[in-house]
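This report concerns only the one structure given below.
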Amino acid sequence: MTCFGCERNEQLLKLTDEKVLALVEEQLSMEINLSSDNLRESRLAICASCPFRQSHTCTKCGCYVAFRASLKLKSCPVGKW
């Protein structure tokens, strides 16, 4: 099931870059199986030019891009990584 909570929150609350980063970091502190820094950065580079990225969120899955890219076992919802 696709979660669009992050996308809705970002739009409704008009979150700043700093607030989104803080939310992502807070959630990542509770996760296991994080990707390496290199993997995360390569994923984020791909996401940077993706037409499905809107601000900090992926419009295909609704996740914050930085959060999904940081999880080792996650993949891009449209197969880019």
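The values are calculated or read from the model by the stated rules, or taken from the named source; none is laboratory data. None of the values given here were measured: they were computed from a predicted structure. No Cβ is skipped: glycine too gets one built from the backbone with ideal geometry, and neighbour counts run over all protein chains shown.
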May I ask you to list the residues in the stretch 14-39 that are surrounded by 12 or more Cβ atoms within 10 Å (Cβ to Cβ), free of Cβ contacts under 8 Å to residues at least 40 places away in the same chain and part of a loop (DSSP other than H, G, I, E, B)?
-> Ser35
For residues that are within 18 Å of Asn38 (Cα to Cα), among the basic types (Lys, Arg), in a loop (DSSP other than H, G, I, E, B) and out of contact with any helix residue (DSSP H, G or I) (no Cβ under 7 Å at 6 or more places or on another chain), tally how many sit in the stretch 49-81.
-> 1
Please indicate, with yes or no, whether at least one residue in the stretch 40-52 is among the aromatic types (Phe, Trp, Tyr), surrounded by 18 or more Cβ atoms within 10 Å (Cβ to Cβ) and either on the phi < 0 side of the Ramachandran plot or at pLDDT 95 or above (or both).
-> no
